[in-house]
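Report on the structure given below.
The values are calculated or read from the model by the stated rules, or taken from the named source; none is laboratory data. Since we're looking at a predicted model, the values are computed, not measured. Positions of Cβ are generated from backbone atoms using ideal geometry, with glycine treated the same way; all protein chains shown enter the neighbour counts.
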Amino acid sequence: MFYSLQAKASVELFGESASALRLPALIMGMASLVLIWWLARKEVGRAPALVTLLLLTLSYHHVWFTQNARGYTGLLTWTTAATILLMAGLRRPTWRGWTGYGLCLAAGMYTHLSAGFFFVAHGVVFAVLAALALLQRQGKLARNYPGASSIRSYYGFALGGLLTLLVHLPMLEQIQSSVGKVSSGSSVSAMAEWNNPLRTLQEFAGSLDALGPLAPYALIGGLLVLILGAVLVTRRSPLLAAIYLTQIPLSLALLVALSFRIWPRYFFVDIGFIFLCASMGALAIVRWAEGMVRRTPLRALAPAALPAAIALMVGASSILLIRNYEHPKQDLEGAVRLVVKLRQPQDAATSVGLAIEPVHGFFAPDWPVTRSTADLDRLLEGGRTVWLITAFESHTRTTQAAIMREVDTRFDKIAILQGTLGGGNVQVYRSRPTAPLNDARIAASISAARDRR
């Protein structure tokens, strides 16, 4: 909801365009970089904070969400700000600090309800600290975290909860209905495979495909560096590590318990901590390598270890980053342009499945939609040529199986327009003609459509 309001304001100020629609995500993405750098510098030091900032700036995933017109960079910003305020409030509780925490909690929840998984982890960490502080009233933990037993802390959580309830009051019934529908239908829906946590890991591993044959080594090496970094962050800032190392498995457990799909984007809020662990682990390995080299005749090369390591990490990130600019997120506009270019005046054009809403609702409102085989048969009557656009093909083939069986029988797939969104390729079909199509003309039309876009 919060992103919708921000996007509405942006469009009112700057006019309707993709840039205006994405502007709030861009602003929040930039703000998240500042907050993550601030948190990292305070908790683990300047060098890891700078390396983390550099890697995040070139991160494929961070850049992708920063130009994606949805609220996930907002989630990252609000949860990071809330974490900073939570840690400050536990160490030195003030009314102002905990008021800020309550506002950030509510802003995160109003951006997307999946923020609740993150704030539950905040609550768990706070509850553990409060219990330990109660048991050890004069102990070191109680002295280090006086906020664990302060009324100001409870006020901050209560304020955030109350504001969250107030901003969602107009749509509580819709929320309850939507959550129930997702939970009850998840096991039989076309996306049921996403209920399996392993599917999320598979999707993450697939994002490294751009590294080619080096991908498995990058995955294994990256995991080892992350584990080492997590250990080092825990030693340097136990509270920061406790928050994130509680949040990740807790969110996973809650998603499974609620029978929700485990989308990788639910863990985008952890990207700052993940890159901080990567930076800490990499810097520790570099320091170890420098020490080893200094004991050899190649000791003069020791100072080059850190620049070489940073260059290696930046190079790997840049290879993945290029993928953001090879294709649009989802090329529905290109598909519509292609059909407009190739169709004859008497031809019909339509869309099916998840392509209906963007195609019929925005790009081509005059095109009829196909929701049943009867709709498709009417378009095909009299031997008329029909052009058809689909998106999220696996979902469409499950939810619109009868239509797609007829498409397979009576249509040719003319083009696949790639996108950076996982599974988001757009397909263009044409009902089978009596004469073969000119492949060269189709290829030229795809290129021309993309150039105009």
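Could you please find all residues in the stretch 2-59 being in contact (Cβ under 8 Å) with a residue 60 or more places away in the chain and on the phi > 0 side of the Ramachandran plot?
Scanning the stretch 2-59 gives a single hit, GLY45.
Given the structure, is GLU16 under 22 Å from PHE362 (Cβ atoms), surrounded by fewer than 20 Cβ atoms within 10 Å (Cβ to Cβ) and modelled with pLDDT of 95 or more?
no
For the stretch 381-400, does any single residue satisfy the condition of being of a type in the set (Lys, Arg) and at pLDDT 95 or above?
The first filter runs over the stretch 381-400 and keeps only residues of a type in the set (Lys, Arg), leaving 384, 397.
Retained after the next criterion (residues that are at pLDDT 95 or above): none.
Looking through the stretch 381-400, none of the residues is of a type in the set (Lys, Arg) and at pLDDT 95 or above.
Taking the stretch 254-294 as the search range and keeping residues that are farther than 21 Å from LEU113 by Cα and of a type in the set (Gly, Ala, Ser), which one is surrounded by the most Cβ atoms within 10 Å (Cβ to Cβ)?
Checking each candidate, the answer is SER279.
Could you check, for the stretch 36-50, whether at least one of its residues is in the same structural domain as LEU321 (by TED's automatic domain parsing), acidic (Asp, Glu) and closer than 25 Å to LEU239 by Cα?
Yes, there is a match, as at least one residue in the stretch 36-50 is in the same structural domain as LEU321 (by TED's automatic domain parsing), acidic (Asp, Glu) and closer than 25 Å to LEU239 by Cα.
Got a number for residues in the stretch 314-348 being part of a loop (DSSP other than H, G, I, E, B), exposed (fewer than 15 other Cβ atoms within 10 Å of the Cβ) and under 22 Å from the mean Cα position of the chain (by Cα)?
Count: 1.
From the residues in the stretch 125-174 that are in a loop (DSSP other than H, G, I, E, B) and loosely packed, with under 15 Cβ neighbours inside 10 Å, which one is modelled with the highest pLDDT?
GLN136
(1) small (Gly, Ala, Ser); (2) touching a residue at least 60 places away in the same chain (Cβ under 8 Å); (3) under 25 Å from TYR60 (Cβ atoms): which one isn't true of GLY89, the others all being true?
(3)
Scan (1) at pLDDT 90 or above; (2) among the hydroxyl-bearing types (Ser, Thr, Tyr); (3) part of a helix (DSSP H, G or I) for the single condition TYR429 breaks and write down its number.
(3)
Do we have any residue at all in the stretch 364-375 that's β-branched (Val, Ile, Thr), part of a helix (DSSP H, G or I) and not assigned by TED's automatic domain parsing to the domain that holds MET404?
For the stretch 364-375, residues β-branched (Val, Ile, Thr), part of a helix (DSSP H, G or I) and not assigned by TED's automatic domain parsing to the domain that holds MET404: absent.
Which one is surrounded by the most Cβ atoms within 10 Å (Cβ to Cβ) among residues in the stretch 92-124 that are of a type in the set (S, T, N, Q) and under 20 Å from the mean Cα position of the chain (by Cα)?
THR111
Taking the conditions exactly as written (assigned to a helix (DSSP H, G or I) and on the phi < 0 side of the Ramachandran plot), does PHE260 satisfy them or not?
no
Tell me which of these LEU219 doesn't satisfy, since it passes every other one: (1) hydrophobic (A, V, I, L, M, F, W, C); (2) touching a residue at least 40 places away in the same chain (Cβ under 8 Å); (3) part of a helix (DSSP H, G or I); (4) in contact with a Leu (Cβ under 8 Å, 6 or more places away or on another chain).
(2)
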